[in-house]
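Presented below is the structure to which this report refers.
Quick note: the coordinates plus some simple rules give every number you see, no bench work behind them. This is a predicted model, so every value here is computed, not measured. Positions of Cβ are generated from backbone atoms using ideal geometry, with glycine treated the same way; all protein chains shown enter the neighbour counts.
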Amino acid sequence: MEHLTPKARTEIENADVIVGYGTYVKLIQSIIKPTAEVFSGTMGREVERAKIAVSKAIENLRVVIVSSGDPGVYGMAGIVLEVVAIEKPDLPVEIVPGVTAATAAASKLGAPLVSDFAVISLSDLLTPWEKIERRLEAAASADFSIVLYNPKSEGRIEPLTKAYEIMLKHLPPDTPVGIVRQAGRVGEEVKITTLKELLNADIDMVTTIIIGSSATKVNNGKMVTARGYDL
Ligand SMILES: C[S@@+](CC[C@H](N)C(=O)[O-])C[C@H]1O[C@@H](n2cnc3c(N)ncnc32)[C@H](O)[C@@H]1O
């Protein structure tokens with residue numbers, strides 16, 4: 001709750017209708033207006049949620065669609081704008097930014113993202129695996145720090161193993177890797193390890209992984225990417 005921006009908080013508090021994935025709606029339950037209508041749903045029903053939200057907004061209700069982190073980073077902002085473009089192109093829509101998992105995780109690990117970094121989702125539900133693989137190859141060969149979202153879920157283990165193999169083709173096995181579960185939430189876990197040991201860590205769908213670049217070191221338990229300053 002303390003990382004919810006004041007702007008997001010105000011919008012939630014003033015909403016007539018709240019639409020969101022059940023887990024996220026629960027996290028903000030305490031600030032939802034008692035009279036607000038709440039539509040919470042399961043993962044994978046994003047299009048349905050966007051359509052409900054847009055139909056309620058067309059009725060002139062003040063609607064808030066809840067995403068985790070930043071709604072514009074693998075969040076609901078895109079699908080909502082796509083539905084609006086079809087249903088009512090002149091409907092006013094505001095995207096309220098938030099703290100995305102990449103920066104939340106980076107802050108727990110130290111300062112791994114102070115230089116150029118690439119962000120890649122390992123979910124092949126909406127993106128073909130061949131494209132993800134190309135992006136992994138490109139980022140690893142270009143010496144970015146790399147943030148991996150959606151690294152693994154119960155039924156989806158292979159993409160992480162494949163990503164690990166691609167990384168090892170380009171990066172030394174002792175490259176620092178940070179693993180953050182449930183950043184900023186109850187049950188938060190933070191671990192710094194090496195690329196070689198990546199697959200031995202506890203990783204699930206609420207985990208974000210940050211793989212260092214050649215400029216990333218571990219100093220006193222913190223990952224730090226050197227920007228090149230003379231010290
Ligand atoms: C569909 S994406 C949503 C990202 C979200 N919109 C954001 O900006 O953080 C879901 C992925 O985000 C990451 N994630 C979301 N919340 C997290 C948290 N509290 N701690 C660590 N990773 C998180 C995980 O990699 C998860 O698989």
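A few notes on this one:
- Residues in the range 146-160 that are assigned to a loop (DSSP other than H, G, I, E, B) and either under 17 Å from the mean Cα position of the chain (by Cα) or touching a residue at least 60 places away in the same chain (Cβ under 8 Å) (or both): Asn150, Pro151, Lys152.
- Which listed residue, of Asp143, Asp124, Asp90, is in contact with a Pro (Cβ under 7 Å, 6 or more places away or on another chain) and either part of a loop (DSSP other than H, G, I, E, B) or at positive phi (or both): Asp124
- Annotation for the range 143-154: no member residue is over 29 Å from Leu4 (Cβ atoms), of a type in the set (Gly, Ala, Ser) and surrounded by 13 or more Cβ atoms within 10 Å (Cβ to Cβ).
- Unique match (being within 11 Å of the ligand (Cβ to nearest atom) and farther than 25 Å from Gly221 by Cα) among Leu125, Leu148: Leu125
- Taken over the range 178-193, the criterion of being in contact with a strand residue (DSSP E or B) (Cβ under 6 Å, 6 or more places away or on another chain) and either acidic (Asp, Glu) or farther than 26 Å from Thr23 by Cβ (or both) is satisfied by Glu189, Ile192, Thr193.
- Scanning the range 32-45 for residues that are surrounded by 14 or more Cβ atoms within 10 Å (Cβ to Cβ) and among the β-branched types (Val, Ile, Thr) yields Ile32, Val38.
- Residue, nearest to the ligand (Cβ to nearest atom), within the range 97-121, restricted to residues that are assigned to a helix (DSSP H, G or I) and of a type in the set (A, V, I, L, M, F, W, C): Ala101
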